[in-house]
Amino acid sequence: MKLPFLLPLFLLVSCAPATQVPSQTEVVTAWATSAAQPWLSELFVCANDLSIAVNVTPQEPEIRLRVGEPESLLSTAFKIAEEEILVVAHRESPVQNLSPEEAQALFAGEADPATQVWAYASDEDVQVAFDRLVMKERRVTSYAKMATSPQQMSDILNAEFNAIGILPRHWKTGSAREVFTAGTVPVLAITKVEPSGAVQELIACLQK
């Protein structure tokens, strides 16, 4: 006796519109050194244009951005830009334009003691680049003060009249003066494996 009611119910269900399953957004993990932060911002722009989500994490990122080449490179690396490494002084510093020999001597500790040298930890990418370009086999003086990031270095060089330090050009702001150009180094996007899919698209976008 209940059979006549089954057909209308079946028709009602079969005519209901199918629910669309939203496509999943691809997620790429990325990390950047403090000096390479400007290119991390560019990565977010590329990700937005390509509808890719970026998760920033230092834990084995698929894309790692850095300024200059590492001491040893065991992964795949792609050049996405170039960056100049500068020696910068406070605008009131008596230090004028330096020669390569003078810049090396300054950071080796052979300068006027009234000048306070600032550097980074030896494994920071900017410091690695500077040591390779300027210091050669010499070490930065143990009397140098350590900045934790280019942003902090920039703030110090604009605030302390006797300060002189190392800055990537992208981080040079305010009235601090450039007194020496150490050279130009590549900005690298380093991947754990040969990139494909979303990772490849992001790197291609960064290289434009």
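Since every read-out is calculated from the coordinates, none of them should be taken as a lab result. In this text the structure is predicted, and so the values were computed from the model without any measurement. Neighbour counts are summed over all protein chains in view; Cβ atoms, including those assigned to glycine, are modelled from backbone coordinates with ideal geometry.
Observations on the structure shown:
- Against the chain, whose longest principal axis is taken from its Cα atoms, helix 197-206 shows a tilt of about 40°.
- In the chain, the DSSP-assigned H stretches of four residues or longer account for a calculated mean residue ellipticity at 222 nm of -8000 deg cm²/dmol, using -39500 (n - 2.57) per stretch and the full residue count as denominator.
- Positive-pole candidate from 143, 89, 30, dipole of the chain, charges at beta carbon: 30
- With the simple spin-label model, which puts each label point 7 Å out from Cα in the Cβ direction, the residue 79 to residue 173 separation comes to 2.9 nm.
- Sorting 208, 172, 79 from the fewest to the most surrounding beta carbons within 10 angstrom yields 208, 79, 172.
- When the P(r) of the chain is calculated, the portion above 20 Å amounts to 63% of the C-alpha pairs.
- Given in Å, the Rg to one decimal and the Dmax to the nearest whole number for the Cα atoms of the range 27-149 are 17.5, 54.
- Choice from 43, 74, 98 showing the highest fluctuation, given a GNM over the chain with Cα pairs closer than 10 Å: 74
- Size of electric dipole in the chain: Cβ of Lys, Arg +1 and of Asp, Glu -1, about Cα centre, debye, nearest 20: 620 debye
- Debye intensity ratio I(q)/I(0), log10, the range 82-185, q values 0.15, 0.16, 0.17, 0.24 Å⁻¹ (C-alpha model): -0.49, -0.57, -0.65, -1.50
- With 25 Å as the limit, the listed pairs 79/145; 136/208; 79/172 have 79/145; 136/208 beyond it between alpha carbons.
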